[in-house]
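Since the structure comes first, as structure tokens, the remarks are kept for the end.
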Amino acid sequence: MTDAASPPDTLKSRPILMSVLDKFAAGDHVALARIITAVEDRRNGYQDLLARLYARSGRAWRVGITGPPGAGKSTLVFRLAELLAAQAKKLGIIAVDPTSPFTGGALLGDRIRMQDLSNNPNIFIRSMATRGSTGGLAEATRDATMVLDAFGMDVILIETVGVGQVELDIARACDTVVVVFVPESGDAIQAMKAGLMEIADIYCLNKADREGAERLVVELQSVLGLRKKTTPWEHPVISTQALNNKGIPELWASVAAHREFCQNQATFDHRREQRIADDLQTIIKNKIDRRVQAALRDSESYRNKIAEIAAGTTNPYAAAVELLGEIAGSLAD
Amino acid sequence: MEKIRVLLAKPGLDGHDRGIKVIAAALRDAGMEVIYTGLRQTPEQVVNAAIQEDVRFVGMSILSGAHMTLFPAVAKLLKEKGADKNVHLFGGGIIPDQDVGKLTAAGVGKVFTPGASTEDIVKYIRETAATMTDEPLV
């Protein structure tokens, strides 16, 4: 079994890993980057690694920045990072861009808007490709966030791919979700009422110097007023011009207010519990998935069933039940 | 799943990024993850980005004539920061033939001059990646 957990003490016999973990603990970016790669590539033993780092995590505030393509998410992240860097905060940034479903390649361009941050020793930026995930994040984004948290970051900014309505993974991965939109979003607000608009803790109207901005803010506020209230949190609508560096302190102040609100609320514990439950399910599903794949790869009757289904002598539903019975034993160890 | 990750950068002051964008598209279409960092990068920015992104390849394009300063500066910084063992440097641009040997001596693995095709670059990266043994972390 490739993902079988090895006892932690065997790590001591692996000097490279021990030295990387020591460097990680000492704040070394090379070590941090290598650990994220191991996690992102799902290399053998990555779960042991995460298990070792987990105890160090739990301090960082996770802020998700999501919204449609071209709304200015990267530029907003850059401006927020500048603001936080000036407060000497330690900051992790994960910027996700899409993988091509046709070639498997990806062009990750979010650093272009953040290049001035590269030399700040308190900031670590990592670009991630979605690698087949369709929820707006990569499968490993949440694990990478935990690694950054364990590294000692105060704040982690997570920028999703440009999203439409249903890419909502960010809601489960973050403590505060900022949904960014632009005056051109106009009527799209109506369409966005379901899905994307429901996960926001804070609404950010970027490019607010453009025509139609004020009207849109009013419209949004009235839509929010009509909504059934599920939390005492009053969702703010913040106008920004990321390119011109306007409205950024106000945006951060609302994130800070949300953080304070959450920490004084039982709802926050509920959200954390939901996230833990979600993480736990994901880890179990991934483990089972890997074991299923491994079991089927070596199974003769799996290949036979495929031939039988193709020949019309059985059907996939009956075949799945039979195969599951055969491999069930190998899923539990 | 180990993806080939490549950082593409334009160090120095020239603003001509047409060439590097063609390379970025070609590498993406070859199934690689390409991190493009944009124009006017200092060697420090290039090296810090390469470290944070944990790339195996850094490709730089220089058309301004400053290649003899900038390429070796990046190679030196990578070494200073302890990241040179896992990173392979390559470059391209308007580079006279007589400089190519000096650049490879300074740590640039391969220099592509005008006339090189995108297929050459893809092939070179794939072949080099196959020879790089990444010491397993876990």
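The values are calculated or read from the model by the stated rules, or taken from the named source; none is laboratory data. Since the structure is predicted, the reported quantities are computational estimates derived from the model, not experimental observations. FYI the Cβ positions are ideal-geometry reconstructions off the backbone, even for glycines, and counts take in every protein chain you see.
Looking only at the range B:14-21, decide whether some residue is among the β-branched types (Val, Ile, Thr), farther than 17 Å from A:Leu117 by Cα and out of contact with any Phe, Trp or Tyr (no Cβ under 8 Å at 6 or more places or on another chain).
Within the range B:14-21, not a single residue is among the β-branched types (Val, Ile, Thr), farther than 17 Å from A:Leu117 by Cα and out of contact with any Phe, Trp or Tyr (no Cβ under 8 Å at 6 or more places or on another chain).
Is there a residue in the range A:290-311 that is modelled with pLDDT under 85, more than 20 Å from A:Val177 (Cβ to Cβ) and part of a helix (DSSP H, G or I)?
yes
Consider only pairs whose beta carbons are under 7 Å apart and that are at least six residues apart or on different chains; among these, list those whose first residue lies in the range A:117-130 and is farther than 22 Å from A:Asp97 by Cα and facing chain B (nearest Cβ under 9 Å) and whose second residue is outside any loop (DSSP other than H, G, I, E, B) and of a type outside the set (A, V, I, L, M, F, W, C).
Short answer, once both residue conditions are applied: A:Asn119/B:Glu44; A:Asn119/B:Gln45; A:Asn119/B:Asn48.
For B:Lys3, indicate whether it is within 12 Å of another protein chain (Cβ to nearest Cβ), surrounded by fewer than 24 Cβ atoms within 10 Å (Cβ to Cβ) and either within 11 Å of the chain's Cα centre (by Cα) or among the basic types (Lys, Arg) (or both).
yes
Of the residues A:Ala31, A:Ala106, only one is closer than 19 Å to B:Ala50 by Cβ, among the aliphatic types (A, V, I, L, M) and either in contact with a His (Cβ under 6 Å, 6 or more places away or on another chain) or facing chain B (nearest Cβ under 7 Å) (or both); which?
Answer to the selection: A:Ala106.
Being loosely packed, with under 15 Cβ neighbours inside 10 Å and within 27 Å of A:Glu139 (Cα to Cα) is the requirement here; does A:Thr282 meet it?
Here the answer is yes, as A:Thr282 does meet what is asked.
Of all the helices (runs of 4 or more DSSP H) wholly in the range B:1-116, which have at least 1 residues that are at pLDDT below 85 and either among the hydrophobic types (A, V, I, L, M, F, W, C) or under 30 Å from A:Gly27 (Cα atoms) (or both)?
Where helices (runs of 4 or more DSSP H) fall fully within the range B:1-116 and carry at least 1 residues being at pLDDT below 85 and either among the hydrophobic types (A, V, I, L, M, F, W, C) or under 30 Å from A:Gly27 (Cα atoms) (or both), they are B:67-80.
Do we have A:Glu273 as assigned to a helix (DSSP H, G or I) and at pLDDT 85 or above here?
Criteria not met by A:Glu273.
Out of B:Lys76, B:Lys81, I need the residue that is under 30 Å from A:Leu21 (Cα atoms), within 14 Å of chain A (Cβ to nearest Cβ), surrounded by fewer than 20 Cβ atoms within 10 Å (Cβ to Cβ) and among the basic types (Lys, Arg). Which one?
Answer to the check: B:Lys81.
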